[in-house]
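One structure is given below, encoded as structure tokens.
Rule-based calculations on the coordinates, nothing more; no lab input. Nothing here was measured: the structure is a model prediction, and the numbers come from that model. Cβ atoms come from the backbone with ideal geometry, glycine included; neighbour counts cover every protein chain shown.
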Amino acid sequence: MTRPYSEDLRERALARFDAGESIRSIGAALKISPSCVSKWRRLKAQTGSLDHGKIGGHKKPRLSGEVADWLRERCGSGPFTTRGLTAELQARGIKSDRRMVWAFLHAEGLSFKKNRAASRADPA
């Protein structure tokens with residue numbers, strides 16, 4: 001992902017515009033798109049600042065807060081599978097998929113390893 005233009009460049013572009021230079025000539029001189037200049041003018045008029053907006057991460061994860069607490073508690077209480085946890089979350093009204101649940105478990109370091117010795121049936 002590209003980085004936003006510096007605030008210094010934004011200020012220089014608007015200073016040139018305030019001095020009477022056209023948007024297209026500013027774009028050509030500073031090697032930026034003319035639409036940048038007009039958008040920066042609008043941003044300055046609306047907010048009074050030339051700070052760039054937030055980049056990435058606009059969406060809050062669904063598996064956070066109370067849901068994350070419940071998942072941690074549920075994983076500690078007994079055996080689980082990603083498919084089973086997804087079904088339990090959907091029963092609670094939380095839309096999710098196996099990949100989302102796996103990513104949460106992986107990030108939290110939670111896992112359930114089957115014990116081969118305990119899972120074998122006693123032949124006697």
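Per residue, the chain reaches -17000 deg cm²/dmol at 222 nm when only DSSP H runs of four or more residues are counted, each adding -39500 (n - 2.57). Across the stretch 66-113, Cα pairs under 8 Å and at least six residues apart give a relative contact order of 42 percent. Percent of C-alpha pairs per 10 Å bin in the stretch 28-114, short distances first: 14, 34, 13, 11, 19, 9, 1.
Looking at the stretch 10-52, the trypsin sites (Lys or Arg not before Pro) that sit in a DSSP loop and have at most 12 other Cβ atoms within 10 Å of their own Cβ are K31.
With the radius of gyration and the Kirkwood radius both derived from the Cα set of the stretch 66-113, what is their ratio Rg to Rh?
Details: Rg = 9.6 Å, Rh = 10.6 Å.
With Rg and the Kirkwood Rh in hand, the quotient comes to 0.90.
As a proxy for reagent exposure, ranking I32, I26 by other Cβ atoms within 10 Å from fewest up yields I32, I26.
Projected over all directions and averaged, the alpha-carbon convex hull of the stretch 7-47 occupies 2.5 nm². A crude spin-label estimate for the pair Y5 and K39, with each label 7 Å from Cα along the Cβ direction, gives 0.9 nm.
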